[in-house]
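The values are calculated or read from the model by the stated rules, or taken from the named source; none is laboratory data. As the structure is a prediction and not an experimental result, all values here were calculated from the model. Glycine also receives a Cβ, built like all others from the backbone with ideal geometry; neighbour counts cover every protein chain displayed. Remember, those area values only see protein heavy atoms, side chains included, never the ligands or the DNA or RNA. Shrake-Rupley method; radii C 1.70, N 1.55, O 1.52, S 1.80 Å.
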Amino acid sequence: LVLQLMIEHAIKNPDPSKRIMVISADTLVENPGVKKIIHELRDALCKSFPWIEYHIVEPKEDNTLLVCIIGKGYQAPSVTFKYCVRRLKIEPAREFLEAVFLAEGPEDTCLVMGTRDNESTERKRSLNKHFGEDFYGHHPVGNIRTASPIRDWTKQEVVTYLAFNRAPWKGARNTALLAF
């Protein structure tokens, strides 16, 4: 949804000086349907909007789920023990951002996320910590601002938007995502 909103905005307000970069995480233990959607979306965006950069980040080998469970003896992730999100998604994305944005110097950058308050109590607490009541937050990498434009959307609002607003790219469609 957030990707679609960003691209719709870019189409309506073209600005060649603005760079759009999509970062998606493949945890290497994704549901095959999710993995397929990630890769189909990347391919569809590359064809429809070659000016958009699409990057898929993966965890380092020593942080993969199998290494953590089998090699390091961690217990399987649970509601109370969620080490996997940080290791499998957050750290690879942060390393990518550091490599790109710290190497290139300060830039007016905003990381737009699709996180919502009502996903869970923990997610709401995290969003309040990083954003408070503000629209923008601050990312720990460089001068990157963060925004979560659907922060107050319900799951039903997300589904309704995707169902009634066709994606502006050819290939991966919202109907496939919704069916999944």
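Miscellaneous remarks
- When the range 24-61 is limited to residues that are among the basic types (Lys, Arg) and closer than 24 Å to GLU95 by Cβ, the one that is most open to solvent (accessible area, probe 1.4 Å) turns out to be LYS60.
- Test: TRP153 is within 17 Å of MET21 (Cα to Cα), part of a loop (DSSP other than H, G, I, E, B) and of a type outside the set (Ser, Thr, Tyr): no
- Subset of the range 15-35 [in a helix (DSSP H, G or I) and within 23 Å of GLU61 (Cβ to Cβ)]: PRO32, VAL34, LYS35
- Flag for LYS170 being open to solvent by 100 Å² or more (accessible area, probe 1.4 Å) and under 21 Å from LEU41 (Cα atoms): yes
- Given (1) of a type outside the set (Ser, Thr, Tyr); (2) assigned to a helix (DSSP H, G or I); (3) within 18 Å of the chain's Cα centre (by Cα), index of the condition GLY137 fails: (2)
- Scanning the range 6-18 for residues that are in contact (Cβ under 8 Å) with a residue 40 or more places away in the chain and open to solvent by 50 Å² or more (accessible area, probe 1.4 Å), we see that the one that is farthest from ILE150 (Cα to Cα) is ILE11.
- Search result, residues across the range 109-125 that are closer than 24 Å to THR80 by Cα and not in a loop (DSSP other than H, G, I, E, B): ASP117, ASN118, GLU119, THR121, GLU122, ARG123, LYS124, ARG125
- Some residue of the range 49-65 being at pLDDT 90 or above, under 16 Å from GLN4 (Cβ atoms) and more than 17 Å from the chain's Cα centre (by Cα): yes
- Verdict on THR64 being polar (S, T, N, Q), farther than 21 Å from PHE180 by Cβ and open to solvent by less than 70 Å² (accessible area, probe 1.4 Å): yes
- Top-ranked residue of the range 126-167 - restricted to ones that are touching a residue at least 60 places away in the same chain (Cβ under 8 Å) and farther than 24 Å from VAL85 by Cα, ranked as surrounded by the most Cβ atoms within 10 Å (Cβ to Cβ): ALA167
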